[in-house]
């Protein structure tokens, strides 16, 4: 005996088949009476108790919708057959294949009443056109070319470029060297064992300055002016300047170390608390 | 000339201008446009124009929105209808050349229109192409169908189905065409 699940599956397949049949009748202008509406309704009724999910019920509704359109097609078909325009398409197709071009044209000419229309300019529209032409400005005036404003060329000063943030006040390498010296001094003043806590070095009066220093510090480490000592368990980071820049740093495999520096961390540092 | 006659003469002139000169993309004029220009009695004016045109072998043709001829149309139905001036009698094959139609092209149009009518007004373009290809070279078939579509005799949807379009409804007596075709002995 068929299980409930198998029965529902068979039912869905049957509904899909009904939809496909009706669709092909609609798309190919076939005789809609090849669709046995009664049988299809019986099928739908038979499987209706099996539908449980919204998808099943939606499929059921879609099938009903297609059946309704099949009934509409049948009604139109009957109406069309009862009019004088109905001819057996196969009979007509046969005729169309056999008839000569001359005969076909002769028949068509007896049923063809081409539209008659004039294409002629009137004196009135000519006069209108002349009036328009007279009032129309010449192209040279309508599409006047505006000469671009001449700007004298000159030399921008370094101060102007710095002001426009095109140039920095100092060359980056020089800036980095100065920053390295600053690190060395800080380590000498506040550091221990040739190193200083990361935040003690980058921390500044404002958060913006702190971020700027953290940014520069990242270059110090990348270009071999300093190194980081990280103690994950203690959650402490130290920065240690080299005496001389380490040249072979790029030969080692470089790793990126993300260091979060939030406003809260900076404020805690500023209050003298351990972030 | 009485005042009433003078009024109608002027309305007839206005109606003739509107009917003969194209005002929009498609030729012909809508009923409501005629009512606006000529007044409520425009059907009467059209009837007089039609009587005048009879002597010139022309007629005022009414194409209703419902795509079938109505015996006693209401004013509302007339307002929505489109009016054209068409030939009243038949053209001879010689005359068709004068208006720019080759016999091949005209026969192709006749076949396409008849076939679509027989299939209840809707046919895949491929089927019409195959039918025309029986007697026309392949390169000409596509060009001709495109031309019939461009002129407004046929229309095509995005699924490649061909239908009868506005110009066939205005110019071709579909009943007479099918009737004569079936009566022909082949």
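For this structure, a couple of remarks:
- Cα-based helix-to-principal-axis angle, A:123-135 vs chain A, degrees rounded to 10: 10
- Note on A:66-76: average number of Cβ atoms from other chains within 10 Å of each residue's Cβ is 0.
- Under the shape rule built on the C-alpha gyration tensor, where the axes satisfy a ≥ b ≥ c, region B:78-170 is oblate, since a/c reaches at least 1.5 while a/b does not exceed b/c.
- Other protein chain C-beta atoms within 10 Å of residue C-beta, averaged over A:113-125: 6.
- Using the Cβ-Cβ distance between residue B:48 and residue B:163 with R0 set to 45 Å, the FRET efficiency from 1/(1 + (r/R0)^6) comes to roughly 0.80.
- Residues of region B:121-151 with amide N under 17 Å of the 7 Å Cα→Cβ point at residue B:103: B:135-137
- Residue A:128/residue B:75 FRET efficiency (R0 30 Å; Cβ-Cβ; nearest 0.05): 0.30
- Projected label distance in nm at residue A:155 and residue A:136, using a 7 Å step from Cα toward the beta-carbon: 5.5
- Spin-label pair residue B:94/residue A:221, simplified geometry with 7 Å Cα→Cβ offset, distance in nm: 10.2
- Using alpha-carbon coordinates, inclination of helix A:54-82 to the longest axis of chain A, degrees: 30
- Residue list for region B:93-122, given a label point 7 angstrom along the Cα-to-Cβ vector of residue A:78 and an amide N cut-off under 17 Å: none
- Length added when fully stretched, residue B:64-residue B:36, from 0.36 nm per residue minus Cα-Cα: 8.2 nm
- Order by protection proxy (mean Cβ within 10 Å, highest first), peptides B:167-178, A:175-186, A:231-242: B:167-178, A:175-186, A:231-242
- The distance between label points at residue A:14 and residue B:151 comes to 5.3 nm (points 7 Å beyond Cα on the Cα→Cβ vector).
- Peptide B:146-152 shows a mean partner chain C-beta count of 0 within 10 Å per residue C-beta.
- Overall form of the protein assembly as shown per C-alpha gyration tensor (a/c, 1.5; a/b vs b/c): prolate
- Estimated FRET transfer efficiency (residue B:25, residue A:90; beta-carbon r; R0 41 Å; 0.05): 0.60
Bear in mind these aren't lab numbers, they're just calculated from the coordinates by the rules spelled out. None of the values given here were measured: they were computed from a predicted structure. In this analysis, Cβ positions are derived from the backbone assuming ideal geometry, glycine residues included, and neighbour counts consider all displayed protein chains.
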